Every structure is written in structure tokens, then in C-alpha cells.
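Everything below concerns the one structure shown next.
What follows is calculated from the coordinates using simple rules that are stated; it is not laboratory data. In this text the structure is predicted, and so the values were computed from the model without any measurement. Reconstructed Cβ throughout: ideal geometry from the backbone, glycine too, with neighbour counts over all protein chains shown.
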Amino acid sequence: MRLFRFGPLLLFSLVLGVAAGCTRSDRTPVHPARGQVFYDGRAIPHALVTLHPVGASEKDTPKPRGTVDKDGRFVLTTYEAGDGAPAGEYGVTVEWWLSKTAPGTPEGDSPPPSNHLPARYARVESSRLRVRIEPGNNEIPHIHLSR
């Protein structure tokens, strides 16, 4: 009978212990990183910049990414918003998915979004874009994409 009284407390303690054990204290350290990307000399707001670790053997290796703002700027995120990227060499992909929805189009009637950049930039094997993240603050050189 006494065990039943403490059952909910024991269950709560167990849940807290498991949750605490699931936090990632083994995360690879990250370093602040930011940059700018342009397509034919213009900013590409809402584009997605993704870094792919060169020579990474694990599928679960983090791939830092950033969303481009109206001025072409992006800040990389690996674990938490704007935290940066682990040090290392990366291949870079850039995708700019937009939908051509006309004003007044009923929801659900718009065409699916499409990538408005040449397909070569969406694949690390063909983008030919590379960056290196170093310990400390990183300002990635401007990325200039063209047709």
C-alpha cells in the first residue's frame, strides 16, 4: 500500500531522470558563423544554405544551416538557433524554394513550390562551394551564385 502512495512520485522522478539523461552533453562544440549569399548579384530571401561536412562517415553528423534574409545574410544553426557550426571543412548547398501563388488563390489551389536556383547548387557534389569553419567567430566569404 505504501508503494502505491509513492508510485506517482517515483514515476515522476524516473521521467525526470530519463529526460535529463537525454540532453546532449556530448555535442560537438560550435562556433558562431555568418555570411551572405547572392544570385546574379541579388539577395535571395528565404533561401536555405546548408553545410555538409567533408569526409563525414556518420549519417547523423550535424549539417549546419541558415535561412537567408532580405539582405542576403544568414546565420548558421547546428543545435540551437544561431549557435554556429562545428569547426571543419564543408561542402555547401543552396536552395531557394518558392511557390508561384497569385493573390486571391484559394488555399490548396496553389502549385507546389519549386527551387528557383540551378539544380547544381542543391547537390554538394555539383555545387563546387566550399567553406571552412574555424574555432572562434567566422565571417564566411560572400557566396555568389549565377545561372
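Per-structure values
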read-out: Relative contact order (%) - segment 52-147, alpha-carbon pairs under 8 angstrom, separation at least six; value: 25
read-out: Note, ³J(HN,Hα) from phi for segment 78-95, Karplus 6.51, -1.76, 1.60, rounded to Hz, x at Gly and Pro; value: 10, 10, 10, 3, x, 6, x, 9, x, 5, x, 9, 9, x, 10, 10, 9, 10
read-out: Footprinting exposure proxy for ARG130, ARG42 (fewest neighbouring C-beta atoms within 10 Å first); value: ARG42, ARG130
read-out: Estimated vicinal HN-Hα couplings, Hz - segment 125-140 in sequence order (Karplus 6.51, -1.76, 1.60; Gly, Pro = x); value: 5, 10, 6, 6, 9, 9, 9, 10, 9, 10, x, x, 6, 10, 10, 6
read-out: Environment charge of THR93, counting only residues whose C-beta is closer than 14 Å and scoring Lys/Arg +1, Asp/Glu -1; value: +4
read-out: Difference of contour (0.36 nm per residue) and Cα-Cα distance, ALA87 to ARG65; value: 6.5 nm
read-out: In nm, spacing of pseudo-spin labels at THR101 and HIS116 (7 Å Cα→C-beta vector); value: 1.5
read-out: Dipole axis of segment 21-147 (+1 Lys, Arg; -1 Asp, Glu on Cβ), positive-most option in VAL54, SER127, ASN115; value: SER127
